[in-house]
Amino acid sequence: PTGRPTVAAIAETKGTESATPATDSVTPVKGKVTKVERLWSVLAVAAGLLISVGIWQSFSGGEQVGWGLAKVTSLSPDLGDAEYLLELSQLAGAWDNKTPPTTETLIARLEQFKTGCDTLRRAPKPQLQEVDQIWLAKSCQEWSGELGVLIQQLRNGSIDYHDGLLEANRIAEGMESALIDKAEELA
């Protein structure tokens, strides 16, 4: 005996008749959730959340940070000025590594790209002379502004996915070209 009343015993004390004889086993009551059922429900929800996060990350590039210009801090301080700018152009070219499939993933990737540009703007640039550091900081501010405007346009629907992707590609190509041109100027 467990010491707990059975469903039938409870029913008898309330004056209702029960077709189930009183025994020591507990019969599940319709509408009641057992501990095992509750555990399985919690596990199913947790698994669903993990799967959802995995799917979202794969569509959003899977890279929360650490691609493109966000890698600027990993560049060697021993690079010459032209080499440094060429390396930056390759980092900016990382935009082309993935094409986001939806407006939402395009926005997420643009936000990551903008974060990389902001990281570059704030990063120390010992490879460059002061005048070139100023040029780069000003250029980054302009590129970041363009990316911010594009993100807003995509969010408010004033530009569709296709045109937004074309504009993002134009901005990325412009960044890459400007960095290459400046490197050639300094070489």
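The values are calculated or read from the model by the stated rules, or taken from the named source; none is laboratory data. Since this is a predicted model, take the numbers as computed values, not measurements. So basically every Cβ, Gly included, is an ideal-geometry build from the backbone, and we count neighbours across all protein chains shown. Just the protein is used for accessible areas: all its heavy atoms, side chains included, with ligands, DNA and RNA removed. Shrake-Rupley method; radii C 1.70, N 1.55, O 1.52, S 1.80 Å.
Just for segment 99-126: of the residues that are assigned to a helix (DSSP H, G or I) and basic (Lys, Arg), which one is farthest from residue 181 (Cα to Cα)?
Here is the first cut: in segment 99-126, the ones assigned to a helix (DSSP H, G or I) are 103-122.
After this cut, where a residue has to be basic (Lys, Arg) as well, the list is 109, 114, 121-122.
Numbers: 109: 26, 114: 21, 121: 18, 122: 22 Å.
Only one residue fits best here, namely 109.
Table: residues versus (1) over 19 Å from residue 111 (Cα atoms); (2) polar (S, T, N, Q); (3) at pLDDT 75 or above; (4) out of contact with any His (no Cβ under 9 Å at 6 or more places or on another chain).
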| position | (1), (2), (3), (4) |
| --- | --- |
| 44 | yes, no, no, yes |
| 53 | no, no, no, yes |
| 64 | no, yes, no, yes |
| 78 | yes, no, yes, yes |
If you scan segment 113-136, which residues turn out to be β-branched (Val, Ile, Thr) and open to solvent by less than 90 Å² (accessible area, probe 1.4 Å)? 115, 119
Pair list, Cβ under 9 Å, 6 or more apart: segment 84-101 residue within 10 Å of residue 175 (Cα to Cα), other residue at pLDDT 85 or above and among the β-branched types (Val, Ile, Thr): 89/180
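Is one or more of the residues making up segment 167-174 open to solvent by less than 80 Å² (accessible area, probe 1.4 Å) and either closer than 20 Å to residue 75 by Cα or touching a Lys or Arg at 6+ places or on another chain (Cβ under 9 Å) (or both)?
The first filter runs over segment 167-174 and keeps only residues open to solvent by less than 80 Å² (accessible area, probe 1.4 Å), leaving 167-169, 171-172, 174.
Next, only the ones that are either closer than 20 Å to residue 75 by Cα or touching a Lys or Arg at 6+ places or on another chain (Cβ under 9 Å) (or both) stay: 168, 172.
Within segment 167-174 (the criterion being open to solvent by less than 80 Å² (accessible area, probe 1.4 Å) and either closer than 20 Å to residue 75 by Cα or touching a Lys or Arg at 6+ places or on another chain (Cβ under 9 Å) (or both)), the answer is yes, since at least one residue qualifies.
Quick one: which residue in 96, 181, 78 is part of a loop (DSSP other than H, G, I, E, B) and open to solvent by 70 Å² or more (accessible area, probe 1.4 Å)?
Details: 96 fails: part of a loop (DSSP other than H, G, I, E, B); 181 fails: part of a loop (DSSP other than H, G, I, E, B).
None of the other options fit; the residue is 78.
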Within the set of pairs 6 or more residues apart or between chains, which connect a residue that is farther than 14 Å from residue 74 by Cβ inside segment 112-136 to a residue that is open to solvent by 90 Å² or more (accessible area, probe 1.4 Å) with Cβ atoms less than 7 Å apart? 112/65; 115/65; 121/141
